[in-house]
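Please read the structure below before turning to the comments.
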Amino acid sequence: MTVDTVGRFERALEGLEVGLERVTAADASERIGTIAAEPAIGVPLPFDDVDLPASVTTDPMAAELTAARTGITPVGFAIAEYGTVAVESTANGAEPISLYPERHVAVVAESDIVPDISAGFDRLADGFDAGRDSVVFATGRSATADMGDLVHGVHGPGDVHVIVLEDR
Amino acid sequence: MAQHTRSEQADRIRHLLETEGPAIHAHASASNARRKETYGGTDDLEELRTEARSIKEAAIDRLPELIETVREAVEENGGTVYIADDAADANAYVTDVVNREATNGADGAAASPSVVKSKSMTTEEIDLNDALEADGIDVTETDLGEWVLQLADETPSHIVGPAMHISREEIATLFNERFDPDAPFETATELTRFARDHLGEIIDGADVGVTGANFVVADSGTITLVTNEGNARKCAVTPDTHVAVAGVEKLLPTLSDLEPFVDIIAKSATGQPISQYVTMLSPPTDSPTLDFDAPDKPITAGEGAAADGTGADGPGTQDREFHLVLLDNGRMDMREDDQLRETLYCIRCGACSNSCANFQSVGGHGFGGETYSGGIATGWEAGVHGQESAAEFNDLCTGCTNCVDACPVKIDIPWINTVVRDRLNRSDDPEAYDFLVDGLTPDAESGGLDPGKRFFGNIGTVAKAASATAPVSNWLADAGPVRAVLERTLGIDRRRDLPTFRRESLVDWFAGRGGAAASSRRAARADSRNGADIDREAVLYTDVYTNYVDIDRGKAAVRTLEALGVPVRVPNLPESGRAALSQGMIATADRQASRLYAALAEDLDAGRDVVVIEPSDLAAMHREYERLLPVDSYERLRDGSYEICEYVYGLLENGADPTALSTGDGAEPVAYHSHCQQRTLDLEAPTAAVLERCGYAPELSSAECCGMAGSFGYKREYYELSMDVGERLAEEIDDGLPVVASGTSCGDQLETLLERDVAHPIELLAPGGART
Ligand code: SF4
């Protein structure tokens, strides 16, 4: 993982109007809390010593999924070239939690940012071998031009933030 | 085509030009411009296209085996695969799944079973919605464009942007009438918000989600959905039963084969580097099912699942059901068809539609069959709905080849159109006017071919006869009653100026000034004057128009070459077959290709260069001849033939002296319109470079096409469309600039539109200008 790759990721996200913040594991919880509009739901973060803010509901009920304004999920990896995050369809609900609320906060370890789509497919293949074989490459915000002009936030989130854990 | 259908077709096209054309043009041309820009910025684009193409070739070759592989993989994942022979079979299966799920489902008894769908052209192909509705099932499209169509009860006008023809104002009117909101909808944002909320509720309550699939990875049973809105994700994850309907051709062997497609599909479709959501699911997935009828129940299985939610058999899976319906519906037969097979490589990105000038003017409703639209629709419609379904719009492909560089899997779309046109020609009933054309048309076609097609397809013979009888033939052709007959029998629109045939052909003129021997002397004199040692000899290919109609550009070419030290021969050569190809007369073109090659073989053996003025004839030699000649002959002619300005460029690069030509003042502005097929051959740049070397500052046109496209614009039913396309080009050209164009028909069209002379660039460059 070179700083260059993170820089490339950041530039790609800028073009997509997606915010990126690099934080240490120790500061992550607080930063996530600031970005998350409430009510917020989430998936427990699998990174050592990183917790979701206390106000975030995990294992949400269906009604909470509908009401939530923010969904916070870890992502398996990210592709710098296109500003893509890989959301895995897990039993703890990463797919609906990243999709239903109007804001998605994706948390990724810096060591999981790969430079390009080829490297992304290598990671994808490793995951498939390990049984993680349902993945969404999400790039930027949900969009449509079907109503005449470009509008963001159609069926998916219209607002996306990426938190990069610089020491993970 | 009989007269009444011609005028009906003209009316229909006129109607579309007025109603749907403006919205289509705005979207399609913007997508095309973005696609070009993104292609230009992608370093490994050609590798990507080549790789995608070869993966598709191999996958279609191995298709029966891949079907078995995917069946095993999906069943091992816990899903079901159903191979549907045809539309009725597929529809019956899906209806059955929905009814079963609605009765057994844990969702509680809804009034009637309900389905939410994400966009899928394959389900359009089989009319799945109609079949489900006929069985009392509620169906809701969730892609916003598809939903608009469903509300408006219309059909898609574009394979990627199905509601592209409907403007925002029209959508607002439709929504306001239908939903009667407190404050009327106006902006795209308001319309989108409303649609999202409305559809969101329907998705939450649905029994079954139906999606298509852009790709299916056989060995892992993974379906890939490429979307920007996120509705396909919701349709797949929300209801506990997911049905994916895909054509069998969507199968790819392994995950690594998917990579180039994920990388290229958004680039070609909309010019985005990648789509917002590339969803790769190997269902049934581990994602928890969502039961909005039980709002207080956690969607996950609680802490246990949350702590390690990544298990292959997480608790969510137990309720999930997945069905992959693989549709044949003619595809396995297409696979056996050497000409149509290529259609199965299509990834339905719509780039061919966006790049097509005619499509930009009228959209898919003028340019489509039952389901598919745009250039490649000819292959799809002929394959899945039958040849007749492709018949109506197949003419709209003018063979311009703009789509050839756009297609991410390198399908020769114009060739597919030529083939289908050829098959249609052969199946038509003999028509009444055959006798009129018979005397003029020594072609290899069986009877029953449309007389207009035979006329244009045999234009060489027609031109020869007209030249022999000029000027009488010209007076006759201009006479009102004759124009009426030409329009009625051959479909030649009477608003078009007809070419004026010259009594003295280019070949006659050349022979009259001393032929090859005199040309050698002239070239040798020029060579000794300039001091450059150009050791080349050229044979000028005289196309029909250059030989009989626009002979000035032929003379200019001869003089230019001689002035640069190249001796020229101008023999009487057979036609290239381009005219026949444009009318779908492949047998005739095949015979002509062989004759032309035979006539040129000795020159090629003697090391002479074949120099061609008309780009479409060169394109026949460089592209279609690959299918018509033995490979050695094809390569030999391709490698030994050049477009005139390309050839001049080569001479100048090798020391020929540009001052022997008519040069500009260093930066003399001139508008230059290349030719569609010339651009596909990457030969626009050499002309521009020659003009620059000779002191001109060419301003290149960016419009897709002039609209004339050989005989297309002469045809009564397409006259208005041709002018509509041409006007976009004319608007680009500055008033007062001299204009040059490489194609004859481009020049004719521009002269009509701009009301001034338009010459070939070689006429501008020739020593002494365009003397006659
Ligand atoms: S033929 Fe090529 S360009 Fe046209 S839709 Fe298919 S893949 Fe896209």
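Being surrounded by fewer than 23 Cβ atoms within 10 Å (Cβ to Cβ) and within 12 Å of another protein chain (Cβ to nearest Cβ) narrows it down to one of A:120, A:83, A:153, A:140, so name that one. Before the answer, list the steps.
On the way: A:120 fails: surrounded by fewer than 23 Cβ atoms within 10 Å (Cβ to Cβ); A:83 fails: surrounded by fewer than 23 Cβ atoms within 10 Å (Cβ to Cβ); A:140 fails: surrounded by fewer than 23 Cβ atoms within 10 Å (Cβ to Cβ).
Within the list A:120, A:83, A:153, A:140, the selection yields A:153.
Quick one: would you say residue A:168 is at the interface with chain B (Cβ under 8 Å from one of its Cβ atoms) and either surrounded by 21 or more Cβ atoms within 10 Å (Cβ to Cβ) or assigned to a loop (DSSP other than H, G, I, E, B) (or both)?
Values: at the interface with chain B (Cβ under 8 Å from one of its Cβ atoms): no; either surrounded by 21 or more Cβ atoms within 10 Å (Cβ to Cβ) or assigned to a loop (DSSP other than H, G, I, E, B) (or both): yes.
Spelling it out, it is not the case that residue A:168 is at the interface with chain B (Cβ under 8 Å from one of its Cβ atoms) and either surrounded by 21 or more Cβ atoms within 10 Å (Cβ to Cβ) or assigned to a loop (DSSP other than H, G, I, E, B) (or both).
Results for (1) within 11 Å of the ligand (Cβ to nearest atom); (2) modelled with pLDDT of 95 or more; (3) surrounded by 22 or more Cβ atoms within 10 Å (Cβ to Cβ), shown as yes or no for each residue.
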| site | (1), (2), (3) |
| --- | --- |
| B:311 | no, no, no |
| B:315 | no, no, no |
| B:324 | no, yes, yes |
| B:329 | no, yes, yes |
| B:351 | yes, yes, yes |
| B:357 | no, no, yes |
| B:360 | no, no, yes |
| B:363 | no, no, yes |
| B:377 | yes, no, yes |
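Given the criterion at pLDDT 90 or above and within 14 Å of another protein chain (Cβ to nearest Cβ), identify the matching residue among B:97, B:160, B:115.
B:160
So which helices (runs of 4 or more DSSP H) are wholly in the range B:42-149 and hold at least 3 residues that are over 27 Å from the mean Cα position of the chain (by Cα), more than 30 Å from residue A:145 (Cα to Cα) and free of Cβ contacts under 8 Å to residues at least 60 places away in the same chain? Break it down into steps so the answer makes sense when it comes.
Values: elements: B:45-61, B:63-77, B:87-104, B:121-125, B:128-134.
Fully inside the range B:42-149 and qualifying: B:63-77, B:87-104.
Restricting attention to the range B:679-699, does a residue exist that is part of a loop (DSSP other than H, G, I, E, B), among the polar types (S, T, N, Q) and either out of contact with any Leu (no Cβ under 9 Å at 6 or more places or on another chain) or more than 26 Å from residue B:14 (Cα to Cα) (or both)? Give the derivation first.
Here is the first cut: in the range B:679-699, the residues part of a loop (DSSP other than H, G, I, E, B) are B:681-683, B:694-695.
Going one step further and asking which of them are among the polar types (S, T, N, Q), we end up with none.
Within the range B:679-699, none of the residues are part of a loop (DSSP other than H, G, I, E, B), among the polar types (S, T, N, Q) and either out of contact with any Leu (no Cβ under 9 Å at 6 or more places or on another chain) or more than 26 Å from residue B:14 (Cα to Cα) (or both).
Please go through the range B:174-188 and pick out each residue that is within 12 Å of chain A (Cβ to nearest Cβ), surrounded by fewer than 16 Cβ atoms within 10 Å (Cβ to Cβ) and assigned to a helix (DSSP H, G or I). Full working, then the answer.
So in the range B:174-188, the residues within 12 Å of chain A (Cβ to nearest Cβ) come out as B:174-175, B:185-188.
Pick out the ones that are also surrounded by fewer than 16 Cβ atoms within 10 Å (Cβ to Cβ) and you get B:186-187.
None; the set is empty.
Would you check which residues across the range A:43-80 are within 9 Å of chain B (Cβ to nearest Cβ), under 15 Å from residue A:157 (Cα atoms) and open to solvent by 10 Å² or more (accessible area, probe 1.4 Å) and list them?
Hit for the range A:43-80 is A:66, nothing else.
Can you confirm whether the range B:59-77 contains a residue that is open to solvent by less than 60 Å² (accessible area, probe 1.4 Å), at pLDDT below 95 and in the same structural domain as residue B:192 (by TED's automatic domain parsing)? Step through it out loud before you land on a result.
Let us first name the residues in the range B:59-77 that are open to solvent by less than 60 Å² (accessible area, probe 1.4 Å), namely B:59-60, B:63, B:66-67, B:69-70, B:73-74, B:77.
Restricting the remaining residues to those that are at pLDDT below 95 gives B:77.
Remaining after also requiring in the same structural domain as residue B:192 (by TED's automatic domain parsing): B:77.
Yes, that holds for at least one residue.
For (1) in contact with a helix residue (DSSP H, G or I) (Cβ under 8 Å, 6 or more places away or on another chain); (2) more than 8 Å from every other protein chain (Cβ to nearest Cβ); (3) away from the ligand (no atom under 16 Å from the Cβ), each residue gets a yes or a no:
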site: B:247; (1), (2), (3): yes, yes, no
site: B:250; (1), (2), (3): no, yes, no
site: B:253; (1), (2), (3): yes, yes, yes
site: B:272; (1), (2), (3): yes, yes, no
site: B:291; (1), (2), (3): yes, no, yes
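How many of the residues making up the range A:105-117 are open to solvent by 10 Å² or more (accessible area, probe 1.4 Å) and not polar (S, T, N, Q)? Before the answer, list the steps.
Start the filter on the range A:105-117 by keeping residues that are open to solvent by 10 Å² or more (accessible area, probe 1.4 Å), which leaves A:110-112, A:114-116.
Then drop every residue that is not not polar (S, T, N, Q), which leaves A:110, A:112, A:114-116.
Total satisfying the criteria: 5.
Give the number of residues within the range A:13-30 that are among the small types (Gly, Ala, Ser), in contact with a strand residue (DSSP E or B) (Cβ under 9 Å, 6 or more places away or on another chain) and closer than 17 Å to residue A:111 by Cα.
Count: 2.
Name the residues in the range B:401-411 that are in a loop (DSSP other than H, G, I, E, B) and either farther than 9 Å from residue B:376 by Cα or of a type in the set (Lys, Arg) (or both), would you? Spell out the reasoning first.
So in the range B:401-411, the residues in a loop (DSSP other than H, G, I, E, B) come out as B:401, B:407-411.
B:401, B:407, B:408, B:409, B:410, listed by residue number.
How many of the residues in the range B:505-523 are under 42 Å from the mean Cα position of the chain (by Cα) and surrounded by fewer than 13 Cβ atoms within 10 Å (Cβ to Cβ)?
0
Taking the range B:524-547, which residues are assigned to a helix (DSSP H, G or I), buried (at least 18 other Cβ atoms within 10 Å of the Cβ) and of a type in the set (Gly, Ala, Ser)?
Selection gives B:526 alone.
The values are calculated or read from the model by the stated rules, or taken from the named source; none is laboratory data. Keep in mind the model is a prediction, meaning the values are calculated, not measured. Cβ: placed from backbone, ideal geometry, glycine included. Neighbour counts: every protein chain shown. Calculation scope for accessible area: heavy atoms of the full protein, side chains included, ligands and nucleic acids excluded. Shrake-Rupley method; radii C 1.70, N 1.55, O 1.52, S 1.80 Å.
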